[in-house]
There are 2 protein chains.
Amino acid sequence: MNQIRRQPDRARSDRADLDAVLDAAAVGTLATVVDGQPWVVPMLYARDGDRVLLHGSTGAGALRHVAAGAPAAFCVTLLDGIVVADTLFDSSANYRSAVVRGNLTVIDPADATHALNLMSDSLIPGRSAEVRASTKKELAATLAMALPITPDGWTVKVRDAPPAQPEQIADSSGWAGVVPLRTVAGEPIPAPWIDADAIVPESVHRLVKGT
Amino acid sequence: MNQIRRQPDRARSDRADLDAVLDAAAVGTLATVVDGQPWVVPMLYARDGDRVLLHGSTGAGALRHVAAGAPAAFCVTLLDGIVVADTLFDSSANYRSAVVRGNLTVIDPADATHALNLMSDSLIPGRSAEVRASTKKELAATLAMALPITPDGWTVKVRDAPPAQPEQIADSSGWAGVVPLRTVAGEPIPAPWIDADAIVPESVHRLVKGT
């Protein structure tokens, strides 16, 4: 099967392509180096203009290491389809992926409210307007970090195509093509202590409709 | 929002939990260290017993670096739901994630046919039985790698729960809960050179039904 790096023409160089990939996903993989070894963790994130916001608990040791300025790479991948070729070798996947490289910075506590609102609204659009503001205690327990998007600090690759056409089609009755994949939301499940007749908020309705 | 590492009780220690997460996804993020910097790439993979199979083109320079025995970490994440709490701080995500750490080895060319068949059948179950065997030329152009799964070399974390229940429920009319997410396959799209009446193979039918 074709590995993602194989076709250099899959690379995209427009900043708008990067933003589109980052804005389409909610979770990515943060990688850094700890004692010379690769260290990875999946994280929820949001794009805030020219930076990627990430956050976690102030208690997480390795996160603190990353936050202290260690070099980081953040990878986001969306699997868009299974590419079924007439050979195993040409079978592949359609995908969008982005890697942002740089050094993480800790977000100033004065900016943490903005970061938490934006992170929440990225996951659940409009949610920050429906709930109370975050408390000082909550903000203090949140380690908000930012990874700057610099002109040379990112890579985007996209495959969005049928399988490679074989030079010789051995069997004209054979099938080749793409099975598209997408993420859909199911019916919202109320928490155990929520009344059955509680009104589902607009943000949740939008979430279900939007996926 | 709760970052994934925050609750230590989310960790799972049964090897069956690891296998379940690895077998449920098709793409992960491979991380290694190049010149002291973190280096990441999304890759298709398959689990083959006690190892994770990965492969790419023999032409990819950084992959060659990884294949030469550099330490690697491979991260797989499935986003299963959006956790909508009554505060931004407690909003989160339900997910399954696995990290496998170790040193990659290059798969012996004699074993490459098995690896390519297994990788293909992991992505498209049953496909290897429908198409011709891979040629020597195809196998030579494939860099198949394995990451061993060792007893101490992996971590699994799972969140599969409603939002944290607030100590005080300020507004009983408020809603909190989970919006479940899942990946579904759409109608198969034939490649441009495929006759409209070509028979869609069983493997593709299974793929569409199985997701």
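The values are calculated or read from the model by the stated rules, or taken from the named source; none is laboratory data. All figures in this text were calculated on a predicted structure; none of them were measured in a lab. Every residue, glycine among them, receives a Cβ derived from its backbone with ideal geometry; neighbour counts consider all protein chains shown.
With respect to (1) part of a strand (DSSP E or B); (2) at pLDDT below 90; (3) not aromatic (Phe, Trp, Tyr), the lone exception for residue B:28 is condition (2). If you go through segment B:149-205 and keep only what is out of contact with any strand residue (DSSP E or B) (no Cβ under 9 Å at 6 or more places or on another chain) and within 30 Å of residue A:196 (Cβ to Cβ), you end up with B:165, B:166, B:167, B:168, B:169, B:170, B:171, B:172, B:173, B:174.
The set of residues in segment B:175-190 that are crowded, with 18+ Cβ neighbours inside 10 Å and not in a strand (DSSP E or B) comprises B:175, B:176, B:188. Within segment B:96-110, residues that are within 22 Å of residue B:25 (Cβ to Cβ) and touching a residue at least 40 places away in the same chain (Cβ under 8 Å) have Cβ atoms under 8 Å from residues that are surrounded by fewer than 22 Cβ atoms within 10 Å (Cβ to Cβ) and among the acidic types (Asp, Glu) in these pairs: B:96/B:80; B:96/B:160, counting only partners at least 6 apart in sequence or on another chain.
In the set A:35, A:90, which member is under 30 Å from residue A:174 (Cα atoms) and at pLDDT below 95? Steps first, please.
Numbers: A:35 fails: under 30 Å from residue A:174 (Cα atoms).
Every option except A:90 fails the conditions.
Looking at segment B:96-107, can you tell me whether even one residue there is at the interface with chain A (Cβ under 10 Å from one of its Cβ atoms) and part of a helix (DSSP H, G or I)? Checked segment B:96-107: no residue is at the interface with chain A (Cβ under 10 Å from one of its Cβ atoms) and part of a helix (DSSP H, G or I).
Could you tell me which residue of segment B:136-163 is surrounded by the most Cβ atoms within 10 Å (Cβ to Cβ), considering only residues that are assigned to a loop (DSSP other than H, G, I, E, B) and more than 8 Å from every other protein chain (Cβ to nearest Cβ)? Steps first, answer last, please.
To start, the set of residues in segment B:136-163 that are assigned to a loop (DSSP other than H, G, I, E, B) comprises B:141, B:149-153, B:160-163.
Among the residues that remain, those that are also more than 8 Å from every other protein chain (Cβ to nearest Cβ) are: B:149-153, B:160-161.
Numbers: B:149: 22, B:150: 13, B:151: 7, B:152: 7, B:153: 14, B:160: 11, B:161: 14.
Per the criteria, the residue is B:149.
Annotation: residue B:62 fulfils all but one of (1) modelled with pLDDT under 95; (2) more than 9 Å from chain A (Cβ to nearest Cβ); (3) in a helix (DSSP H, G or I); the unmet one is (2). Taken over segment A:22-45, the criterion of being more than 7 Å from chain B (Cβ to nearest Cβ) and crowded, with 22+ Cβ neighbours inside 10 Å is satisfied by A:22, A:28, A:30, A:45. For residue B:166, indicate whether it is within 26 Å of residue A:185 (Cα to Cα), more than 8 Å from chain A (Cβ to nearest Cβ) and touching a residue at least 60 places away in the same chain (Cβ under 8 Å). The answer is yes for residue B:166.
Can residue B:112 be described as over 20 Å from residue A:116 (Cβ atoms) and more than 7 Å from chain A (Cβ to nearest Cβ)? Walk me through how you get there before you give the answer.
Working: over 20 Å from residue A:116 (Cβ atoms): yes; more than 7 Å from chain A (Cβ to nearest Cβ): yes.
So residue B:112 fits the description; yes.
Taken over segment A:68-93, residues that are buried (at least 24 other Cβ atoms within 10 Å of the Cβ), more than 19 Å from the chain's Cα centre (by Cα) and more than 7 Å from every other protein chain (Cβ to nearest Cβ) amount to 3. Picking from residues in segment A:108-135 that are within 16 Å of the chain's Cα centre (by Cα) and in a helix (DSSP H, G or I), the one that is surrounded by the most Cβ atoms within 10 Å (Cβ to Cβ) is A:120.
Residue B:193 - would you say it is part of a loop (DSSP other than H, G, I, E, B), without any contact (Cβ under 8 Å) to a residue 40 or more places away in the chain and at the interface with chain A (Cβ under 8 Å from one of its Cβ atoms)? The answer is yes for residue B:193.
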